[in-house]
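What follows is one structure encoded as structure tokens, with my remarks underneath.
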Amino acid sequence: MRPEEGIVLYASGTGVIFAVGEITSFPYQLEDTDQPAWPWRVNVKLAAWREFVHDGIPLEALNVEERDVRQSIKRRSHTSVSAKRNTPRPSDC
């Protein structure tokens, strides 16, 4: 993850995309945190978002050809998408 790269935020429990934006910082680790399982952060500038997560776009909207994005994410916490792979536009959110 690097500044100026795009980011798509999704809710893992419901599997819906609820925001898109741009990364504005390199990853950094919090020293004092009450969430030791997730000490790493990245700053984000949101371009579009849904007010309520349940109004999000199904993760399957990113599927193309034979690629199942939900399966890719189940294997790890993140995956790469590109314009060639039908990335949602901010106007879609």
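Only the coordinates and a few stated rules stand behind these numbers; no lab work does. None of the values given here were measured: they were computed from a predicted structure. Neighbour counts are summed over all protein chains in view; Cβ atoms, including those assigned to glycine, are modelled from backbone coordinates with ideal geometry.
Neighbouring Cβ atoms within 10 Å as the yardstick, rank Arg50, Arg67 fewest first.
Numbers: Arg50 16, Arg67 13.
Lowest to highest Cβ neighbour count: Arg67, Arg50.
3J(HN,Hα) along segment 45-62, derived from phi through the Karplus expression 6.51 cos²θ - 1.76 cosθ + 1.60 where θ = phi - 60°, amounts to 9, 7, 9, 7, 7, 9, 4, 10, 4, 5, 8, x, 8, x, 4, 4, 4, 8 Hz, with x in place of Gly and Pro. Amide H contacts of Tyr10 (H built 1.01 Å from N, in plane; Pro and chain starts excluded): Phe18 sit under 5 Å, all sequence-distant by 5 or more or on other chains.
Along segment 20-30 the Karplus relation, 6.51 cos²θ - 1.76 cosθ + 1.60 evaluated at θ = phi - 60°, assigns HN-Hα couplings of 9, x, 10, 6, 10, 8, 6, x, 9, 9, 6 Hz to successive residues, with x for each Gly and Pro. Remark: segment 12-18, residue by residue, has Karplus-estimated 3J(HN,Hα) of 5, x, 9, x, 10, 7, 10 Hz, where x stands for each Gly or Pro and the curve is 6.51 cos²θ - 1.76 cosθ + 1.60 at θ = phi - 60°.
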